[in-house]
Ligand SMILES: CC(C)(COP(=O)(O)OP(=O)(O)OC[C@H]1O[C@@H](n2cnc3c(N)ncnc32)[C@H](O)[C@@H]1OP(=O)(O)O)[C@@H](O)C(=O)NCCC(=O)NCCS
């Protein structure tokens, strides 16, 4: 990996043409249960209220967020940063970029589901003012052959703009 830039590059909008690398990165960030194919990515990106935003480092995709805003209620569908680039503020910048863009579209709150065992992501969202509001039992169904049939998920929520707090926006 080349040197990490001292200033994080700006986030940019993604579209269905980006779905192949997005799926590749998703596979590096999630287990088989949670990863999405390129066609699933492209299908979501064709939905009018869904937006994807990415950041590249030296021209190489480093991370992306996919989220939607339905009548002011935002949902983070996925957020992924390549393992080599983590803890550099990329996910924070992506989250911030989505909130900034959607504030003009009346974004009032954000929610997401996360596997109860995904502590790094839970810590990330908590650092950004999200709270666990409920637990969904057996939300993640495991593929056949797994010792465990399903995993629970947390629903996390953050109100905007009064509690809008971005932990790091370099
Ligand atoms: C969760 C994830 C998106 C975070 O991306 P990132 O670019 O490393 O996050 P940031 O650098 O913006 O982190 C901001 C803050 O969040 C918290 N945080 C992030 N990763 C953390 C970790 N592994 N452990 C504890 N806290 C963490 C910290 O407070 C961090 O600030 P600090 O680095 O100054 O301590 C990344 O780890 C990832 O892609 N994981 C796999 C996919 C996933 O689980 N996605 C989320 C579920 S949808």
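The values are calculated or read from the model by the stated rules, or taken from the named source; none is laboratory data. Bear in mind the structure is a predicted one, so any value in this text is a computation, not a measurement. Glycine also receives a Cβ, built like all others from the backbone with ideal geometry; neighbour counts cover every protein chain displayed.
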**Request:** Say whether the condition of being at pLDDT 95 or above and in a helix (DSSP H, G or I) is met by at least one residue in segment 130-137.
**Result:** no
**Request:** Name every residue in segment 75-97 that is within 20 Å of residue 12 (Cβ to Cβ) and either surrounded by fewer than 15 Cβ atoms within 10 Å (Cβ to Cβ) or more than 10 Å from the ligand (Cβ to nearest atom) (or both), in order of residue number.
**Result:** 84, 97
**Prompt:** Within the bounds of segment 18-35, is there any residue that is modelled with pLDDT under 95, over 20 Å from residue 104 (Cα atoms) and buried (at least 18 other Cβ atoms within 10 Å of the Cβ)?
**Reply:** no
**Prompt:** Does segment 26-41 contain any residue that is touching a residue at least 24 places away in the same chain (Cβ under 8 Å) and part of a strand (DSSP E or B)?
**Reply:** no
**Item:** Qualifying residue in segment 127-140 (condition: buried (at least 19 other Cβ atoms within 10 Å of the Cβ), under 21 Å from residue 11 (Cα atoms), more than 8 Å from the ligand (Cβ to nearest atom) and in contact (Cβ under 8 Å) with a residue 12 or more places away in the chain)
**Value:** no
**Complete:** Checked segment 98-112 for anything surrounded by fewer than 21 Cβ atoms within 10 Å (Cβ to Cβ) and within 13 Å of the ligand (Cβ to nearest atom); matches are 111, 112
